[in-house]
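**Student:** Here you go, one structure.
The values are calculated or read from the model by the stated rules, or taken from the named source; none is laboratory data. In this text the structure is predicted, and so the values were computed from the model without any measurement. Cβ atoms come from the backbone with ideal geometry, glycine included; neighbour counts cover every protein chain shown. In case anyone asks, the SASA skips ligands and DNA or RNA and just uses the protein heavy atoms, side chains included. Shrake-Rupley method; radii C 1.70, N 1.55, O 1.52, S 1.80 Å.
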Amino acid sequence: NQIYGERWSAATGQALPEDGERIPGQILVLPPGVAIPDRPLWEALGWAYRQVRAVRPAIALYEPLLAEAQAAQTSKYEQYLAILAPLYRASFDDFNAAGAYQELLKLAQERVRQGVVPVPPVLDPEGQPAALDLPPERVAEIFYTQALITSLDRTGQFRKALVKREDLAALYRRLPLPRRLPALEFEIAQNLERVGDLSQAIGRYASAVN
């Protein structure tokens with residue numbers, strides 16, 4: 001876009017990349033300590049990169065936005081974090097994805113404690129799980145827990161994943177959501193096998209089929 005290109009060049013002294021897939025994301029990163037020169041432009045470019053699945057350039061744009069929002073303690077922090085989490089996962093950076101989903105889960109749980117419906121989660125490339133049976137105030141908490149578990153599994157953090165699965169099972173029992181428990185019990189049994197607790201795993205497999 002010619003207008004975006006002119007604004008970007010004026011703000012940074014750099015030409016706007018024509019192809020986000022070919023140009024390394026680092027070309028859009030500001031030097032440390034330099035303020036974002038044109039926030040609406042950065043947001044617009046980030047949105048555009050997401051539409052064409054140019055993941056790394058999008059991450060390079062949203063990370064400075066996140067850092068600025070966190071430093072200023074603005075409501076944009078959660079918005080940028082919810083955008084970055086699935087971008088990290090799409091780029092196979094599951095350590096950063098796990099950190100982002102952990103923070104989003106913490107924020108969602110705090111909203112629930114305050115009696116406020118959390119911000120709906122941003123869809124990631126794998127899609128949002130069916131939520132028709134979930135209370136609206138719990139959709140974000142459950143979605144972020146599931147996303148965090150996926151990233152913990154992918155990074156081999158099986159004991160942490162097990163803790164989150166147990167937390168999720170306890171939540172399903174409290175709500176209650178009995179139809180969601182058998183599949184989760186099966187996952188817990190597999191998780192127990194991964195950490196070497198075979199006796200507990202057998203019991204959870206039995207729970208999954210009963």
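**Student:** In the list ALA147, ALA183, ALA161, ALA140, which residue meets the criterion of being open to solvent by 60 Å² or more (accessible area, probe 1.4 Å) and touching a helix residue (DSSP H, G or I) at 6+ places or on another chain (Cβ under 8 Å)?
**Tutor:** ALA183
**Student:** Turning to a different aspect of this structure: Looking for something within 9 Å of the chain's Cα centre (by Cα) and modelled with pLDDT under 90 - is there at least one such residue anywhere in region 103-122?
**Tutor:** Yes, region 103-122 contains a residue that is within 9 Å of the chain's Cα centre (by Cα) and modelled with pLDDT under 90.
**Student:** Something else now. Out of the residues in region 38-91 that are assigned to a loop (DSSP other than H, G, I, E, B) and open to solvent by 40 Å² or more (accessible area, probe 1.4 Å), state the one that is nearest to SER151 (Cα to Cα).
**Tutor:** Only one residue fits best here, namely ARG53.
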